[in-house]
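First comes the structure, then the notes that go with it.
The values are calculated or read from the model by the stated rules, or taken from the named source; none is laboratory data. Model, not experiment: these values are computed from the prediction. Here the Cβ positions follow ideal geometry from the backbone for every residue, glycine too, while neighbour counts run over all protein chains shown.
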Amino acid sequence: MDTRFLGMADLVDVPSVAVVVDVMRAFTVAAWAFAQGAEKIVLAGSLDEALALKASHPEWVALKDGPRAPGFEMVNSPGLLRSVDLGGRTVVQKTTAGTVGALAVKEASLVLCAGFVVAEATARLLRTRGSDSVTFVVTGEDGRADEDLACAQYIAGRATDAGTDAAEFLRRAAQSRAAAELIEGVRQGVHPDDVALCLELDRFPFAMVATSEGPLMVLRPHAMPSPAGAGRPDLP
């Protein structure tokens, strides 16, 4: 499998298969939203678009980075989201990096959104599809976020070698700038457990596939059967 690891600014062509990685915290949050019962996640390109979607669909739940704000019920924190019942709901998500990255590759034939919590399921889906070429979009810090690059490299390794060990990749993510900022309170809208939850390997047994549905880019879970002892088969 031919792999590329690019920041959003480096995307000069439409990839065939794209894996958009945002560990801290967009796609960890997305995975938790599905685990809490969300039916789908609409990826918004701007705060104004998110608010407009919410205004058109008052029953939807809007989520953003940073502190709480009018029109948004939730913030981009897995620690805060894990106690919310989202059964059957649609979530509108707008984040600084993750949602932007997914929208940047919306023309790809397959778009996966990933973090460590869905790493194995994502790798298994890539193996199942037999993808010859995969572009990993490193969303954080203009493509330099080590937690996203480490996760991307780990998924790429697992897609070709099931023996790839996660320890070093998780260590890099734990020592990343993003992890430090979350722990030190530099970022707002944070729960004390956020970093640990973002580094919980294979917490969920599904990949997350983004597709265009009319004018919207919509993320949905894609169940992958878990090998014995891996993941959490009790969750959707």
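Below are the figures for this structure:
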item	result
Single residue of segment 100-149 satisfying the filter (over 19 Å from residue 217 (Cβ atoms) and among the hydroxyl-bearing types (Ser, Thr, Tyr)) that is surrounded by the most Cβ atoms within 10 Å (Cβ to Cβ)	131
Test: residue in segment 13-36 that is at positive phi and either assigned to a helix (DSSP H, G or I) or not polar (S, T, N, Q) (or both)	no
Options 68, 4, 25; residue that is over 19 Å from residue 219 (Cα atoms), of a type in the set (D, E, K, R) and modelled with pLDDT of 95 or more	4
Of all residues in segment 41-75 being touching an Asp or Glu at 6+ places or on another chain (Cβ under 8 Å) and free of Cβ contacts under 8 Å to residues at least 40 places away in the same chain, the one that is surrounded by the most Cβ atoms within 10 Å (Cβ to Cβ)	63
Subset tally (residues that are closer than 14 Å to residue 207 by Cα, buried (at least 22 other Cβ atoms within 10 Å of the Cβ) and touching a strand residue (DSSP E or B) at 6+ places or on another chain (Cβ under 8 Å)) for segment 28-40	5
Selection within segment 153-169 - surrounded by fewer than 20 Cβ atoms within 10 Å (Cβ to Cβ), at pLDDT 95 or above and of a type in the set (Ser, Thr, Tyr)	164
Pair list, Cβ under 8 Å, 6 or more apart: segment 188-212 residue surrounded by fewer than 18 Cβ atoms within 10 Å (Cβ to Cβ), other residue assigned to a loop (DSSP other than H, G, I, E, B) and modelled with pLDDT under 95	188/66; 188/67
